[in-house]
Amino acid sequence: MSIKKLSVVAATVMTAIIGGCAVSNAYSEDKNLDYTVQQVFKTAATLKDYNNIPRSIAHGKTDWRFVNYRDWTSGFWSGILWYAYEYTQEEQWKAKADSFSRALFPLLDSSAIDHDLGFQVFCSIGNGYRLTGNPEYKRILLRAADTLSKLYNPKVGTILSWPRQVPGADYPLRHNTIMDNMINLELLFWASKNGGDKHLYDIAVKHAETTMNNHFRPDYTSYHVVVYDTATGKKVKGITHQGYSDSSMWARGQS
């Protein structure tokens, strides 16, 4: 989605939340985007290299917390830079976005360590390809889709989220899938339509169908994590890893 479209969506949602108040004159799309670019400029000026990627600022703090390319949020910063380039058309943002996107290329030098590969590369390199058509970006995206697909278990019908020990998930005896994984399917759908194998599309659809069948309670609230029997594919239990309790609604997943 383009930065202009995102801005319009945000404005529409805010109007609905306020309840139809007369906000159209107060909201300026360009003014808000200009402010955003100024904030991006301030952050970019503090960065010394491409190995320190800004993630968040803790409550009460003023300094960024930095992560490396392996962090699940690593693609968001370069995605923001690509949006800054899309809006301003200034070459400085294109150059910075390209550099931080390339810092993520080593993700494809090994097997996926979790399902977040979609977050990492599609927000960043995906936007880069959308805006530039750079064939190198396309090759990386297709490789990433193939790498992500290796986490798929056909007996379960979902992509493994965490190929590592997580409390309650019982890995490697059992297969875990979290609701957040749904967002990573976009990479597989895109790849299947842009030179990748059709099985990527089939994996994404099956993952979505399996999630729809198993991730919701009778009252339609969602689990954070569903644990499956690796061998039989049957659902074992629904749990939470970050929420209040195993029986509470997983708010981020619900949204």
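The values are calculated or read from the model by the stated rules, or taken from the named source; none is laboratory data. What you are looking at is a predicted structure, and each value in this text was computed from that prediction instead of being measured. Every residue, glycine among them, receives a Cβ derived from its backbone with ideal geometry; neighbour counts consider all protein chains shown. We work out accessible area using only protein heavy atoms, side chains counted, and drop any ligands, DNA or RNA first. Shrake-Rupley method; radii C 1.70, N 1.55, O 1.52, S 1.80 Å.
Only a single item in (1) more than 18 Å from the chain's Cα centre (by Cα); (2) hydrophobic (A, V, I, L, M, F, W, C); (3) modelled with pLDDT under 95; (4) open to solvent by less than 80 Å² (accessible area, probe 1.4 Å) is not met by ALA22, and it is number (4).
Restricting attention to region 70-100, and to residues there that are among the charged types (D, E, K, R) and part of a helix (DSSP H, G or I), which single residue is most open to solvent (accessible area, probe 1.4 Å)? Within region 70-100, the match that is most open to solvent (accessible area, probe 1.4 Å) is GLU91. Going by the conditions given, is ALA169 among the small types (Gly, Ala, Ser) and outside any loop (DSSP other than H, G, I, E, B)? The answer is no for ALA169.
Scanning for something closer than 21 Å to ASP197 by Cα, open to solvent by less than 20 Å² (accessible area, probe 1.4 Å), assigned to a loop (DSSP other than H, G, I, E, B) and at pLDDT below 95, does region 115-134 turn up at least one residue? Within region 115-134 (the criterion being closer than 21 Å to ASP197 by Cα, open to solvent by less than 20 Å² (accessible area, probe 1.4 Å), assigned to a loop (DSSP other than H, G, I, E, B) and at pLDDT below 95), the answer is yes, since at least one residue qualifies.
Would a scan of region 74-85 turn up a residue that is touching a Pro at 6+ places or on another chain (Cβ under 9 Å) and among the hydroxyl-bearing types (Ser, Thr, Tyr)? Checked against the condition, which is being touching a Pro at 6+ places or on another chain (Cβ under 9 Å) and among the hydroxyl-bearing types (Ser, Thr, Tyr), region 74-85 yields no hits at all. Considering only region 59-69, I want to know if a residue exists there that is surrounded by 13 or more Cβ atoms within 10 Å (Cβ to Cβ), modelled with pLDDT under 95, of a type in the set (Ser, Thr, Tyr) and over 15 Å from LEU104 (Cα atoms). No - not one qualifying residue is present in region 59-69.
Taken as a whole, region 201-212 holds at least one residue that is over 29 Å from ARG139 (Cα atoms), out of contact with any Pro (no Cβ under 9 Å at 6 or more places or on another chain) and not hydroxyl-bearing (Ser, Thr, Tyr). For region 203-255, a residue qualifies if it is assigned to a loop (DSSP other than H, G, I, E, B), over 13 Å from MET182 (Cβ atoms) and open to solvent by less than 60 Å² (accessible area, probe 1.4 Å), and the qualifying residues are ARG217, THR221, THR230, GLY233, THR240, GLY243, SER245, SER248. Within region 161-202, restricting attention to residues that are buried (at least 19 other Cβ atoms within 10 Å of the Cβ) and among the small types (Gly, Ala, Ser), the residue that is nearest to ALA231 (Cα to Cα) is ALA169. Scanning region 28-49 for any residue that is of a type outside the set (Phe, Trp, Tyr) and closer than 28 Å to ARG164 by Cα turns up nothing.
Within region 135-154, residues that are crowded, with 17+ Cβ neighbours inside 10 Å and in a loop (DSSP other than H, G, I, E, B) sit with their Cβ atoms under 6 Å from residues that are of a type outside the set (Gly, Ala, Ser) and modelled with pLDDT of 95 or more, at 6+ positions apart or across chains, in these pairs: LEU151/ILE159; LEU151/LEU160.
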